[in-house]
Amino acid sequence: IPLLTNSFLNWFETQSWSEKNLLELGSGSSTLYFSKFFRSLTSLETNQDWYSKMLNEIPETVNLKKTDSILRSIKDENIDDYDVVLIDSAENRAKIARFLANNKFKGIIFFDNSEWYRNGIRILESVGYYEIPFFGIKPTEDWVSCTSILVRNTDLAKSFNSDWQKIPKFASYNSSNSWDLE
């Protein structure tokens, strides 16, 4: 289970990601989770112990890269090859946000712990991104955090598709609701 807010994960699972490529900045349980949804996943990791542990667990669709600096490593990536970037690294997130802004990244950004990194959010908003915050509890934590989605106005419709892929677990769903009939 990834350490992202439950509200974000519930929304995430309703959308279709199978034709999209994810660049994950910081690996972990999220790497294993997201590998089941995306066509491809490239994950950059700075911690040698965590990198070694993850190598034994990742599927073939994941390209896990060990790096000393995520910021330096994303400069070597063709950012246009990715539809989604997950910012969840133990590194300066404002500088990562500035890199994405300066390089005109056009995809969706998942920004974890966005309540702590408001400058990084403002940087992305300054180049046309809109923040959609998902406040909630994370697995193993007992306080409210925020995982935000940053998306450009032109991509809102395709980022929030109401043709849900599945309904989240524990959702109260009734397909024959008489109050929804005309």
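The values are calculated or read from the model by the stated rules, or taken from the named source; none is laboratory data. All values reported here derive from a predicted model rather than from experimental measurement. Here the Cβ is made from the backbone with ideal geometry for all residues, glycine too, and neighbour counts use every protein chain on show. When the accessible area is computed, the model is the full protein with side chains, heavy atoms only, and any ligands, DNA or RNA have been set aside. Shrake-Rupley method; radii C 1.70, N 1.55, O 1.52, S 1.80 Å.
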The lone condition residue 47 fails out of (1) surrounded by fewer than 17 Cβ atoms within 10 Å (Cβ to Cβ); (2) in contact (Cβ under 8 Å) with a residue 24 or more places away in the chain; (3) in contact with a Lys or Arg (Cβ under 7 Å, 6 or more places away or on another chain) is (3)
Whether any residue in segment 72-92 is open to solvent by less than 10 Å² (accessible area, probe 1.4 Å), in contact with a Ser or Thr (Cβ under 7 Å, 6 or more places away or on another chain) and over 19 Å from residue 12 (Cβ atoms) is what I want to check.
no
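Quick one: would you say residue 110 is touching a residue at least 60 places away in the same chain (Cβ under 8 Å), part of a helix (DSSP H, G or I) and of a type in the set (A, V, I, L, M, F, W, C)? Steps first, please.
Working: touching a residue at least 60 places away in the same chain (Cβ under 8 Å): yes; part of a helix (DSSP H, G or I): no; of a type in the set (A, V, I, L, M, F, W, C): yes.
So residue 110 does not fit the description; no.
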Note: among 6, 47, 92, 63, just one is of a type in the set (S, T, N, Q) and closer than 25 Å to residue 127 by Cα, namely 92
The correct count of residues that are among the β-branched types (Val, Ile, Thr) and closer than 10 Å to residue 114 by Cα in segment 130-147 is 1
- Message: For segment 132-141, check the following and say yes or no: at least one residue is touching a Gly at 6+ places or on another chain (Cβ under 6 Å) and of a type in the set (A, V, I, L, M).
- Response: no
Picking from 174, 153, the residue that is loosely packed, with under 10 Cβ neighbours inside 10 Å, over 16 Å from residue 13 (Cβ atoms) and modelled with pLDDT under 70 would be 174
With criteria (1) under 27 Å from residue 66 (Cα atoms); (2) among the β-branched types (Val, Ile, Thr); (3) touching a strand residue (DSSP E or B) at 6+ places or on another chain (Cβ under 7 Å), residue 132 comes up short on (1)
Of the conditions (1) without any contact (Cβ under 8 Å) to a residue 12 or more places away in the chain; (2) outside any helix (DSSP H, G or I); (3) under 26 Å from residue 118 (Cβ atoms), the single one that residue 91 does not satisfy is (1)
From the option list 4, 41, 32, single residue qualifying as touching a residue at least 60 places away in the same chain (Cβ under 8 Å) and either under 17 Å from residue 62 (Cβ atoms) or open to solvent by less than 40 Å² (accessible area, probe 1.4 Å) (or both) is 4
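Quick grid of which residues meet (1) part of a helix (DSSP H, G or I); (2) within 13 Å of residue 88 (Cα to Cα); (3) in contact with a Lys or Arg (Cβ under 8 Å, 6 or more places away or on another chain):
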site: 1; (1), (2), (3): no, no, no
site: 11; (1), (2), (3): yes, no, no
site: 19; (1), (2), (3): no, no, yes
site: 31; (1), (2), (3): yes, yes, no
site: 54; (1), (2), (3): yes, no, no
